[in-house]
1. Compute the length gained on full extension between ASP302 and SER214: take 0.36 nm times their separation in residues and subtract their Cα-Cα distance, giving the result in nm to one decimal.
2. On average, how much area does the Cα convex hull of the stretch 41-192 cover when viewed from any direction, in nm²?
3. What shape does the chain take by its C-alpha gyration tensor, where a ≥ b ≥ c are the square roots of the eigenvalues and a/c under 1.5 counts as rounded, a/b above b/c as prolate, and the rest as oblate?
4. At 0.36 nm per residue, and after removing the present C-alpha to C-alpha distance, how many nm does the segment from GLU242 to GLU230 gain when stretched out fully?
5. Taking the stretch 137-296 on its own, what percent of its Cα-Cα pair distances exceed 25 Å?
6. Give me the dipole magnitude in Debye, nearest 20, for the chain about the Cα centre, with unit charges on the beta carbon: positive for Lys and Arg, negative for Asp and Glu.
7. With each label point set 7 Å from Cα along the Cα-Cβ vector, what nm distance links GLU10 and ARG95?
8. Across the chain, how many lysine pairs, 8 or more positions apart or on different chains, have C-alpha atoms separated by under 23 Å? Please give the number.
Amino acid sequence: MTGKGPRDYEDLIVYMNGEYVPWADATVHVFSPAVKYGAGVFEGIRGYWSEARGEMLIFRLEDHLKRLEYSQKVMGFERIVTADELAEPILEMMRRNAFTEHVHIRPTVFVEGDGESSAKGPVGVSITAVRRPKKAFVETGCRAQVSSWQRIADTAMPTRVKANANYNNSRMAALQASKDGYDTAIILNSRGQVSEGPAMCFFMVRDGRPVTPSITSNILESITRATIIELLGNDLDAATVERDVDRSELYAAEEAFFCGTAWEVSPVVSIDGMPVGTGEVGALTRKLQSVYFDLVTGVTNDDRGWLTAV
Ligand SMILES: Cc1ncc(COP(=O)(O)O)c(C=O)c1O
């Protein structure tokens, strides 16, 4: 990587409760419900550095911050840190760090103090960003395992919100996949149907048509998923079918990929050791990647108003 901007964690500037502080000072107390019970909610947002434009472009900032408001509402915090309150500190934190590479931005709203697991406040806010290049899987594809861990049910934890505590579920599936020699996992829901991967949504192609589990499959209502549905339908003339997906259908797929802010569009080349289609990255997936990356890096016109320049 060749960009300027902070090279090491020690050089980062972090937004913490109204102030811009050095990385070493961005701390949370061990007594806090955030640490004790995972009482926090967050967003993962990508900033794409455009070399051609010489500027940083944040993808769907407003949509991420609206989802963060919803997460706080569901988790019952004593006050909601709004999208309007967070937008400027995010931009200012980005300016102060002066990144010139792709980054991953993470605003977190969490419970400070020393309360029980049901404490509603005091509410703390942090915003961090770190350099984050494309995952290697974007080019090579990844090998997925259907996990024996089940996706949390919406009757157990609110699956639609990005609550920190939810991520122990993804963690178990990712750990198992890695221990068993796979790159990642596909997690089934409590009805035994495909839900999502650890922090990414799942698409497959069957009989030439993109298919993805519906939003009532215990998935996170992913912003990338919505983006992909729009790009497939509008730009690639391949409307997505949103429906339940059975496990055995995975082995019949012609193509498959994960999508998410972190995973972008990452092809799946095998599932449970069986090749997906030919075992190579599929043609529609490659076309979609090209449309997606041109959009997020500002190569194509941002007609939908999804890019915020820092
Ligand atoms: C559990 C989970 N599913 C799916 C996704 C993909 O969501 P998005 O596209 O909004 O990043 C994420 C976040 O990256 C996630 O944490």
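The values are calculated or read from the model by the stated rules, or taken from the named source; none is laboratory data. Small disclaimer: the values here were computed from a predicted structure and weren't measured. Cβ sites come from the backbone with ideal geometry, for glycine too, and all protein chains shown count toward neighbours. These accessible areas exclude ligands, DNA and RNA; they are computed on the full protein's heavy atoms, side chains included. Shrake-Rupley method; radii C 1.70, N 1.55, O 1.52, S 1.80 Å.
1. Stretched fully, the ASP302-SER214 segment lengthens by 29.0 nm.
2. Numbers: hull surface 44.6 nm².
If I average the Cα hull's projected area over directions, I get 11.1 nm².
3. Oblate shape, in that a/c is at least 1.5 and b/c is the bigger or equal ratio.
4. 3.1 nm
5. 21
6. With Lys and Arg at +1 and Asp and Glu at -1, about 420 debye.
7. Each label point is offset 7 Å from its Cα along the Cβ direction, giving 2.8 nm.
8. The result is 15.
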